[in-house]
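Nothing in this text is a laboratory measurement; each read-out follows from the coordinates by a stated rule. Source: prediction; values computed, not measured. Using ideal geometry, Cβ is built from the backbone for each residue, glycine included, and neighbour counts are taken over all protein chains shown.
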Amino acid sequence: MKKSFIAALALSVSLSFAAGAAAAAEQTLAQKHQGMWPKSENGFVTKNQCLKCHVSYEDLAKKTANLEPNPHDNHMGKVNCEDCHKANQAKPELMCNSCHNFTLKEKAAKK
């Protein structure tokens, strides 16, 4: 009986953590940033506001270098962050896909 209780308790705790992780993964961009979300007079966030914390496009390109294609190193240059990153969404919508048909994937590990 004691082993069953401990097993049930362990399962319950692990499911709680899994549910919490899934909920965190689905947070919108505004929820992730919370009080640090940039404010603007017209309701739109500019790339200069984003780069106050995220430093530069070059820095972002390094952080996303494992993605193919790298969304921060492209032929469009330094586009506005909100073109892809919407405050009310958990995942970015690639503006690239208005012309292309990309799916971001992690690059295969080199052997």
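Based on the mean of other Cβ atoms within 10 Å per residue, sort peptides 85-92, 67-74 so the most packed one is first.
Those peptides, ordered most packed to least, come out 67-74, 85-92.
Over its Cα atoms, what ratio of radius of gyration to 2.2 N^0.38 Å does the range 29-106 give?
Its radius of gyration relative to the 2.2 N^0.38 Å reference: 1.10.
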